[in-house]
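The values are calculated or read from the model by the stated rules, or taken from the named source; none is laboratory data. Bear in mind that the values here come from a model prediction, so they are computed numbers and not experimental data. Each accessible area value is taken on the protein alone, full model and side chains, heavy atoms only, with ligands, DNA and RNA left out. Shrake-Rupley method; radii C 1.70, N 1.55, O 1.52, S 1.80 Å.
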Amino acid sequence: MYIVAIAWLYVTFMMAITETSITGGILTFLFYGVLPCGLFLWLVGTPQRKRNKSGQIAE
């Protein structure tokens, strides 16, 4: 799971480097890389968070 996120961030970082302006590069990295990757990790991690929460309640 994490290797996919790291690879995606690498690809979007390379896309951001090729932008013609600094602002365009930052926005490209933010909107194509960080936000979708954060959403992906949050959605994929939801079952584990639920298991951790139910385990704490049971104790």
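Observations
- Across the chain, the volume of the C-alpha convex hull divided among the residues equals 70 Å³ per residue.
- Accessible area per residue, Å², the chain with all protein chains present, probe 1.4 Å: 82
- Length-normalised contact order of the chain in % [C-alpha pairs under 8 Å, at least 6 apart]: 30
- For GLU19, the amide hydrogen comes within under 5 Å of no other amide hydrogen, counting only partners 5 or more places away or on other chains and with H modelled in the peptide plane.
- Residue by residue, region 29-44 carries 3J(HN,Hα) couplings of 5, 5, 7, 9, x, 5, 5, x, 5, x, 5, 4, 5, 5, 5, 6 Hz when phi is fed to the Karplus relation 6.51 cos²θ - 1.76 cosθ + 1.60 (θ = phi - 60°); x denotes Gly or Pro.
- Within the accessible area of the chain (1.4 Å probe), percent carbon and sulfur: 73
- Angle in degrees between helix 2-17 and the longest Cα principal axis of the chain, rounded to the nearest 10: 20
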